[in-house]
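The values are calculated or read from the model by the stated rules, or taken from the named source; none is laboratory data. Since this is a predicted model, take the numbers as computed values, not measurements. Virtual Cβ from ideal backbone geometry, glycine too; neighbours counted across all protein chains shown.
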Amino acid sequence: MHGVALAGSNPAVITREQGNTNMKASKKRHKIAAQDVTKPAQTKPTHDEIARCAYSLWEQRGYPQNQELEIWFHAEAQLRQAPVAADEPV
């Protein structure tokens, strides 16, 4: 066996099974990382959070009439796309 080291004789050499396992784990980590980057965190805002955000948007727009639902839905969508802090439960 020229140039081929046995797995037991050299700690730097890994078996084919170990290599396949490591490759699968690596692919899984990369897939999870890619999902984290491509998908924004989806959060479910409370009624009070939406109301506060909608009121703020209503003020910023100059207190317009007959746009309540549009502003409410905009506030809800804005809060659903907000990043989740690390210490907040999802």
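Among the residues of segment 54-82, count how many are more than 19 Å from Lys44 (Cα to Cα) and among the basic types (Lys, Arg). So the answer is 1.
Yes/no per residue for (1) modelled with pLDDT of 65 or more; (2) surrounded by fewer than 10 Cβ atoms within 10 Å (Cβ to Cβ); (3) within 16 Å of Gln81 (Cα to Cα):
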{"site": "Asn20", "(1), (2), (3)": "no, no, no"}
{"site": "Lys28", "(1), (2), (3)": "no, no, no"}
{"site": "Thr38", "(1), (2), (3)": "no, yes, yes"}
{"site": "Gln42", "(1), (2), (3)": "yes, no, yes"}
{"site": "Asp48", "(1), (2), (3)": "yes, yes, no"}
{"site": "Trp58", "(1), (2), (3)": "yes, no, no"}
{"site": "Pro64", "(1), (2), (3)": "yes, no, no"}
{"site": "Glu70", "(1), (2), (3)": "yes, no, no"}
